[in-house]
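One structure is given here, and the rest of the page talks about it.
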Amino acid sequence: MRSISTQFRKVTPVLLISWIVTTLTLLISIFVSINKDIELDNFTQDPNAQFNAPFYVGFFSNVGIMIWSAALSICFYGAWRTDAKTDKRAQEFLIFSGLITMLMTFDDLFQLHELVFPKYLSISENMVYLTYLNIYMIYFIRFRRQLLNSDFIVLGIAFFLLGLSTIIDILPLPIEKDTFLEDAIKLLGAITWLIYFVRTADEVVEKNNVK
């Protein structure tokens, strides 16, 4: 049985860092609440409860966030399990993949390109799309070897579905505007993205442990 002192010694740094980050986030929320005259409940309460909406409102959007979160967690965990001395580039690949997935998670969760950047930061939606495109291009160029040695066809399908969802969102179509099709395709893209990184992170960790 693991002793209590051993447990405290190992978990205390992790707990302290997690609690400090969480506390700072809560303090920032309190500061914004006071200065912008926003009710504090707006930051903590579930949106459905806040607006008295049915439980199923935003169901697939929430599922999508869970899928993105799972993918970024897998990337970071895979990077943590990879020894930089054995394969530094593979570790960097998983770290950058996790960061890109985190960006996509935050964009989906907080509507960054649709609302936050255009409305609150005066950055046009097209500029945001262009920035994202440049980030993806740098990612592809820097880690092209790792990508080509993986099941890249799966990642390609994910990008195709996510890109198709974006096209449906920004281009005028000869049909009545309906976000269901856009969101359904985006959900399929997110699931495919998760599948790719589950397989890829597993392969990286397995090869690293064999070495």
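Looking only at residues that are in contact (Cβ under 8 Å) with a residue 40 or more places away in the chain and in a helix (DSSP H, G or I) in the stretch 126-146, which one is surrounded by the fewest Cβ atoms within 10 Å (Cβ to Cβ)?
Arg145
Spot the failing condition for Val63; the list is (1) within 23 Å of Glu203 (Cα to Cα); (2) touching a residue at least 40 places away in the same chain (Cβ under 8 Å); (3) exposed (fewer than 14 other Cβ atoms within 10 Å of the Cβ), and only one is missed.
Here Val63 clears every test but (1).
Inspect the stretch 99-116 for any residue being under 23 Å from Leu194 (Cα atoms), surrounded by 14 or more Cβ atoms within 10 Å (Cβ to Cβ) and more than 18 Å from the chain's Cα centre (by Cα) and give the result as yes or no.
No, every residue in the stretch 99-116 fails to be under 23 Å from Leu194 (Cα atoms), surrounded by 14 or more Cβ atoms within 10 Å (Cβ to Cβ) and more than 18 Å from the chain's Cα centre (by Cα).
Say whether the condition of being surrounded by 14 or more Cβ atoms within 10 Å (Cβ to Cβ) and assigned to a loop (DSSP other than H, G, I, E, B) is met by at least one residue in the stretch 172-194.
No; the residues of the stretch 172-194 include none that is surrounded by 14 or more Cβ atoms within 10 Å (Cβ to Cβ) and assigned to a loop (DSSP other than H, G, I, E, B).
When you check Ala71 against the structure, is it under 21 Å from Ala184 (Cβ atoms) and not hydroxyl-bearing (Ser, Thr, Tyr), yes or no?
The answer is yes for Ala71.
Would you confirm whether any residue within the stretch 164-181 is of a type in the set (A, V, I, L, M) and touching a residue at least 40 places away in the same chain (Cβ under 8 Å)?
Narrowing the stretch 164-181 to residues of a type in the set (A, V, I, L, M): 164, 167-168, 170-171, 173, 175, 181.
If we keep only those that are touching a residue at least 40 places away in the same chain (Cβ under 8 Å) as well, we get 170.
Yes, the stretch 164-181 contains a residue that is of a type in the set (A, V, I, L, M) and touching a residue at least 40 places away in the same chain (Cβ under 8 Å).
Is it the case, given these coordinates, that Pro13 is loosely packed, with under 10 Cβ neighbours inside 10 Å and under 26 Å from the mean Cα position of the chain (by Cα)?
Taking the combined requirement at face value, the residue satisfies it.
May I ask you to list the residues in the stretch 13-60 that are over 30 Å from Lys186 (Cβ atoms), not in a helix (DSSP H, G or I) and not acidic (Asp, Glu)?
Across the stretch 13-60, the qualifying residue is only Leu40.
Mind listing whichever residues of the stretch 184-211 are of a type in the set (S, T, N, Q) and at pLDDT 95 or above?
Once the filter is applied, which keeps residues that are of a type in the set (S, T, N, Q) and at pLDDT 95 or above, the stretch 184-211 yields Thr192, Thr200.
The values are calculated or read from the model by the stated rules, or taken from the named source; none is laboratory data. In this text, all values refer to a predicted model and were calculated from it rather than measured experimentally. We place every Cβ from the backbone using ideal geometry, glycine too, and count neighbours over all the protein chains shown.
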